[in-house]
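Peer 1: Take this structure, written in structure tokens, and hold onto it; I'll ask about it next.
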Number of protein chains: 2
Amino acid sequence: VHVVDTVSWAPEGGAVRIIDQRRLPEQLVERDLRTLDDVCDAIRSLAVRGAPAIGVAGAMGLVASLLPFAHEAEARFRQRMHRHAEAVRAARPTAVNLPWAIDRMLDATARVEGTGALLDALRGEADAIRDEDRAMCERIGGHGASLIADGASVLTHCNAGALATAGIGTALAPVYVAVRNGRAVRVYADETRPLLQGSRLTAWELARAGIPVTVLADGAAASLLAAGAIDLVLVGADRIAANGDVVNKIGTYAVALAAGHHGVALYVAAPTSTLDPRTPSGADVPIEHRAPDEILGGRPGEGVAAYNPAFDVTPAALVTGYITDRGRFTDPSALFASLASPSELLR
Amino acid sequence: VHVVDTVSWAPEGGAVRIIDQRRLPEQLVERDLRTLDDVCDAIRSLAVRGAPAIGVAGAMGLVASLLPFAHEAEARFRQRMHRHAEAVRAARPTAVNLPWAIDRMLDATARVEGTGALLDALRGEADAIRDEDRAMCERIGGHGASLIADGASVLTHCNAGALATAGIGTALAPVYVAVRNGRAVRVYADETRPLLQGSRLTAWELARAGIPVTVLADGAAASLLAAGAIDLVLVGADRIAANGDVVNKIGTYAVALAAGHHGVALYVAAPTSTLDPRTPSGADVPIEHRAPDEILGGRPGEGVAAYNPAFDVTPAALVTGYITDRGRFTDPSALFASLASPSELLR
């Protein structure tokens with residue numbers, strides 16, 4: 001299975017190569033990010049998207065932006081490093097993985113002396129963040145793949161695939177591993193209005209990997225489930241509250257209701273970093289409301305309003321199980337207990 | 001309340017004036033249909049759409065296309081009338097109201113002699129079909145309006161409004177009547193992918209009538225219902241099977257599941273002509289599958305398939321009640337018993 005490489009070092013070095021997701025699926029445009037402006041602009045403009053991928057791109061991009069300054073004395077270089085770090089951190093204020101990655105990068109330089117050693121430490125930490133992200137994806141895939149029988153049809157919503165991570169994705173990771181293990185899988189991808197991550201991104205990356213994919217309007221998923229055409233629903237998560245409620249892309253809840261009604265298992269596949277023990281339930285998560293234009297399409301629409309929440313809440317009762325890099329869980333309390341167990345990553 | 005006039009006689013006579021719905025909501029373009037080609041083309045190209053509106057436009061269009069031939073001798077005129085009638089009937093083969101309207105038109109000429117009398121009979125029958133359609137809409141509105149309290153929020157799917165009929169619509173008729181009676185109503189309109197009848201048509205006609213309307217992605221309806229923001233769901237129907245199952249625009253079933261889950265009443269508002277006693281259940285209705293292009297948007301999408309059913313089936317168990325021109329019914333057997341009672345239309 002050829003899985004797309006969303007964030008990587010450019011072969012000639014000195015730059016981070018990303019896939020410009022704004023151009024998909026019409027064109028596969030790779031962009032090499034060299035300067036601080038390149039990096040911030042790519043993150044701000046959603047050329048790179050998906051919480052894990054943004055964190056990795058921010059860390060690697062910070063390194064690339066500092067490489068031309070290897071000749072600077074340490075004090076001056078440290079100043080520059082902090083300036084670049086804050087600029088990258090601010091490129092997308094709501095993405096939780098970005099400040100997390102930048103903090104890790106700066107922590108890695110705490111006990112290092114000399115510009116060369118600083119750059120080595122930064123590059124090493126960026127590689128570690130990328131490798132951990134890839135390992136996280138593989139673990140999720142490994143823990144979830146046994147849910148997918150040969151010949152299975154899997155329904156997904158939005159894009160929680162390779163394009164959202166540095167590896168094989170989160171919700172799609174079990175699919176990639178199952179296919180890698182020789183099983184035939186068909187993915188049904190909700191187009192995911194209003195931004196069409198399903199038809200633009202999920203369909204593209206799966207087709208490129210040679211995995212059969214069928215796109216449908218979000219409103220058609222219920223009839224597909226009613227027809228018995230789906231064996232398993234796999235979705236990602238932006239946040240999982242302490243009671244197991246799942247905050248994910250708008251439309252997930254409607255799919256969960258239909259899956260529950262028709263007795264089709266729905267699994268949420270997400271990194272452990274998505275678990276939020278300090279938020280009691282989904283009702284406690286503030287939901288971002290986005291621009292009406294995404295719904296109304298820039299048409300005049302005098303007197304026409306729009307309701308455009310970015311996320312919805314799927315209650316734990318509708319979730320058959322959770323797949324993280326630390327295992328598979330049916331019970332939210334077992335899921336959150338896994339936070340105390342040592343990470344399997346990179347062992 | 002100013003409700004848009006979707007099909008009417010052009011003021012100077014001799015033509016049927018329609019709103020070209022392909023141009024909405026960007027532009028309000030009215031087209032006057034004079035020739036047989038005008039009429040067939042408007043129906044075929046979906047410039048006029050919605051089963052009731054198509055029937056009315058076909059009947060009135062047949063008259064308009066024959067007016068220039070009032071000088072022809074009866075035998076020749078009858079030949080022409082049958083030729084035009086068959087052409088109009090074939091313009092949209094699956095629309096059940098079109099052959100029904102054409103049959104009525106031809107029946108009306110059965111015992112008439114002379115070209116002038118034939119034209120009078122045709123014009124009279126076309127007016128009757130239009131007036132009955134308007135009366136049907138008013139009856140539905142009257143039977144449904146009491147469900148809508150002052151300040152209520154109503155969720156609807158697709159367009160079963162004035163733009164789909166010659167009158168005030170079917171699913172939206174109770175809204176228009178409630179507003180006419182002085183009640184404040186807000187309508188939440190699913191955008192209705194893939195063809196966006198909700199954001200293009202429902203939002204436009206309601207805004208034009210001064211009724212507050214909020215458009216949302218289809219996948220967002222469940223979270224709106226979960227939030228308690230909706231008092232009543234009103235949808236139309238393309239066909240109602242003998243057991244009360246409702247065939248309607250794709251996405252209706254997902255809305256019905258969410259409404260049922262959250263205890264929000266869902267009413268199906270449709271003309272009596274939609275009742276199909278010869279079809280035992282929704283499972284017996286063949287579902288039209290439309291072009292993948294509507295989903296994939298003409299993008300290359302190598303290896304990407306589409307699932308694009310035009311309709312889905314909402315089981316009777318999820319329908320709180322039915323509103324037709326003959327009354328309001330909670331039980332499918334009472335609904336179908338109404339077929340035996342005399343029509344209230346035009347009494």
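Where a number appears in this text, it was derived from the coordinates with a stated rule and is not lab data. Everything numeric here is computed off the predicted structure, so don't read it as measured data. No Cβ is skipped: glycine too gets one built from the backbone with ideal geometry, and neighbour counts run over all protein chains shown.
Peer 1: If you check A:L46, A:L28, which single one turns out to be among the aliphatic types (A, V, I, L, M) and within 14 Å of chain B (Cβ to nearest Cβ)? Quick ask: steps written out before the conclusion?
Peer 2: On the way: A:L46 fails: within 14 Å of chain B (Cβ to nearest Cβ).
One residue alone meets the criteria, A:L28.
Peer 1: Something else now. Does B:L225 satisfy being of a type outside the set (K, R), in contact with a Ser or Thr (Cβ under 6 Å, 6 or more places away or on another chain) and crowded, with 22+ Cβ neighbours inside 10 Å?
Peer 2: The answer is no for B:L225.
Peer 1: Now, a different point. Collect the residues in the range B:156-175 that are among the hydroxyl-bearing types (S, T, Y) and either facing chain A (nearest Cβ under 10 Å) or over 19 Å from A:G219 (Cα atoms) (or both), keeping them in residue-number order.
Peer 2: Those that are among the hydroxyl-bearing types (S, T, Y) and either facing chain A (nearest Cβ under 10 Å) or over 19 Å from A:G219 (Cα atoms) (or both): B:T165, B:T170.
Peer 1: Something else now. Considering every residue within the range A:237-253, establish whether at least one is without any contact (Cβ under 8 Å) to a residue 60 or more places away in the chain, within 7 Å of another protein chain (Cβ to nearest Cβ) and crowded, with 22+ Cβ neighbours inside 10 Å.
Peer 2: For the range A:237-253, residues without any contact (Cβ under 8 Å) to a residue 60 or more places away in the chain, within 7 Å of another protein chain (Cβ to nearest Cβ) and crowded, with 22+ Cβ neighbours inside 10 Å: absent.
Peer 1: Right, another one. Could you please let me know if B:T109 is away from chain A (no Cβ under 14 Å), in contact (Cβ under 8 Å) with a residue 60 or more places away in the chain and either basic (K, R) or over 24 Å from A:I250 (Cβ atoms) (or both)? Show your work before the answer.
Peer 2: Numbers: away from chain A (no Cβ under 14 Å): yes; in contact (Cβ under 8 Å) with a residue 60 or more places away in the chain: no; either basic (K, R) or over 24 Å from A:I250 (Cβ atoms) (or both): yes.
Against the criterion (away from chain A (no Cβ under 14 Å), in contact (Cβ under 8 Å) with a residue 60 or more places away in the chain and either basic (K, R) or over 24 Å from A:I250 (Cβ atoms) (or both)), B:T109 does not qualify.
Peer 1: Taking B:I230 as meeting all but one of (1) over 17 Å from B:G144 (Cα atoms); (2) assigned to a loop (DSSP other than H, G, I, E, B), write down the number of the exception.
Peer 2: In the conditions (1) over 17 Å from B:G144 (Cα atoms); (2) assigned to a loop (DSSP other than H, G, I, E, B), B:I230 misses (1) alone.
Peer 1: What number of residues within the range A:176-206 are in a helix (DSSP H, G or I), closer than 24 Å to B:G219 by Cα and of a type in the set (A, V, I, L, M, F, W, C)? Give the steps one after another, and end with the answer.
Peer 2: Our first condition is that a residue be in a helix (DSSP H, G or I); within the range A:176-206, this holds for A:176-180, A:197-206.
The next check asks that each one be closer than 24 Å to B:G219 by Cα; those that pass are A:197-206.
Imposing the further condition that a residue be of a type in the set (A, V, I, L, M, F, W, C) reduces the set to A:201, A:203-204, A:206.
Number of matching residues: 4.
Peer 1: Would you mind stating whether B:Q27 is polar (S, T, N, Q) and either in a helix (DSSP H, G or I) or within 25 Å of B:A269 (Cα to Cα) (or both)? Working first, answer last.
Peer 2: Numbers: polar (S, T, N, Q): yes; either in a helix (DSSP H, G or I) or within 25 Å of B:A269 (Cα to Cα) (or both): no.
Judged against the criteria, B:Q27 is not a match.
Peer 1: Report whether or not B:T156 is farther than 19 Å from B:L224 by Cα and of a type outside the set (K, R).
Peer 2: So B:T156 fails the test.
Peer 1: Determine whether B:A316 is crowded, with 17+ Cβ neighbours inside 10 Å, touching a Leu at 6+ places or on another chain (Cβ under 9 Å), among the small types (G, A, S) and farther than 22 Å from B:D133 by Cα. Give the steps one after another, and end with the answer.
Peer 2: On the way: crowded, with 17+ Cβ neighbours inside 10 Å: yes; touching a Leu at 6+ places or on another chain (Cβ under 9 Å): no; among the small types (G, A, S): yes; farther than 22 Å from B:D133 by Cα: yes.
So B:A316 fails the test.
Peer 1: Quickly run through the range B:263-277 and pick out the residues that are more than 16 Å from B:D133 (Cα to Cα) and assigned to a strand (DSSP E or B).
Peer 2: So the first thing to find is which residues in the range B:263-277 are more than 16 Å from B:D133 (Cα to Cα), and the list is B:263-268, B:276-277.
Listed by number, the residues that qualify are B:A265, B:L266, B:Y267, B:V268, B:D276.
Peer 1: Follow-up. Quick check on my filter: what residues within the range A:107-120 are part of a helix (DSSP H, G or I) and either within 19 Å of the chain's Cα centre (by Cα) or surrounded by 17 or more Cβ atoms within 10 Å (Cβ to Cβ) (or both)? Steps first, answer last, please.
Peer 2: Initially, the range A:107-120 is screened for residues part of a helix (DSSP H, G or I), giving A:107-108, A:115-120.
Within the range A:107-120, A:A108, A:T115, A:L118, A:L119 qualify.
Peer 1: Among A:A166, A:A126, A:A220, A:A149, which is crowded, with 24+ Cβ neighbours inside 10 Å and not in a helix (DSSP H, G or I)? Reasoning before the result, please.
Peer 2: Details: A:A126 fails: not in a helix (DSSP H, G or I); A:A220 fails: not in a helix (DSSP H, G or I); A:A149 fails: crowded, with 24+ Cβ neighbours inside 10 Å.
Going through A:A166, A:A126, A:A220, A:A149 in turn, just one is crowded, with 24+ Cβ neighbours inside 10 Å and not in a helix (DSSP H, G or I): A:A166.
Peer 1: Could we say that A:A221 is under 23 Å from A:G260 (Cβ atoms), free of Cβ contacts under 8 Å to residues at least 60 places away in the same chain and within 11 Å of chain B (Cβ to nearest Cβ) here? Lay out the reasoning, then the answer.
Peer 2: Numbers: under 23 Å from A:G260 (Cβ atoms): yes; free of Cβ contacts under 8 Å to residues at least 60 places away in the same chain: no; within 11 Å of chain B (Cβ to nearest Cβ): yes.
Considered against the rule, which asks whether it is under 23 Å from A:G260 (Cβ atoms), free of Cβ contacts under 8 Å to residues at least 60 places away in the same chain and within 11 Å of chain B (Cβ to nearest Cβ), A:A221 comes out as no.
Peer 1: Could I ask something else about it? Only one of these conditions is not met by B:L257: (1) facing chain A (nearest Cβ under 9 Å); (2) surrounded by fewer than 18 Cβ atoms within 10 Å (Cβ to Cβ); (3) in contact with a Leu (Cβ under 6 Å, 6 or more places away or on another chain). Which number is it?
Peer 2: Status for B:L257: all satisfied but (2).
Peer 1: Next question, about the same structure. More than 7 Å from every other protein chain (Cβ to nearest Cβ), buried (at least 24 other Cβ atoms within 10 Å of the Cβ), touching a Phe, Trp or Tyr at 6+ places or on another chain (Cβ under 9 Å) and not hydroxyl-bearing (S, T, Y): is that true of B:V268 in this structure?
Peer 2: Details: more than 7 Å from every other protein chain (Cβ to nearest Cβ): yes; buried (at least 24 other Cβ atoms within 10 Å of the Cβ): yes; touching a Phe, Trp or Tyr at 6+ places or on another chain (Cβ under 9 Å): yes; not hydroxyl-bearing (S, T, Y): yes.
Yes; evaluated as a whole, the condition is true for this residue.
Peer 1: Suppose we filter B:E205, B:E191 for residues that are within 14 Å of chain A (Cβ to nearest Cβ), touching a helix residue (DSSP H, G or I) at 6+ places or on another chain (Cβ under 8 Å), touching a residue at least 40 places away in the same chain (Cβ under 8 Å) and of a type in the set (D, E, K, R); which single one remains? Full working, then the answer.
Peer 2: Details: B:E191 fails: touching a residue at least 40 places away in the same chain (Cβ under 8 Å).
Going through B:E205, B:E191 in turn, the sole match is B:E205.
Peer 1: Right, next: Collect the residues in the range B:305-321 that are hydrophobic (A, V, I, L, M, F, W, C) and more than 30 Å from A:V213 (Cα to Cα), keeping them in residue-number order. Explain how you work it out, then say what you get.
Peer 2: If we filter the range B:305-321 for residues that are hydrophobic (A, V, I, L, M, F, W, C), which is where we start, we get B:305-306, B:310-311, B:313, B:316-319.
B:A316, B:A317, B:L318, B:V319, listed by residue number.
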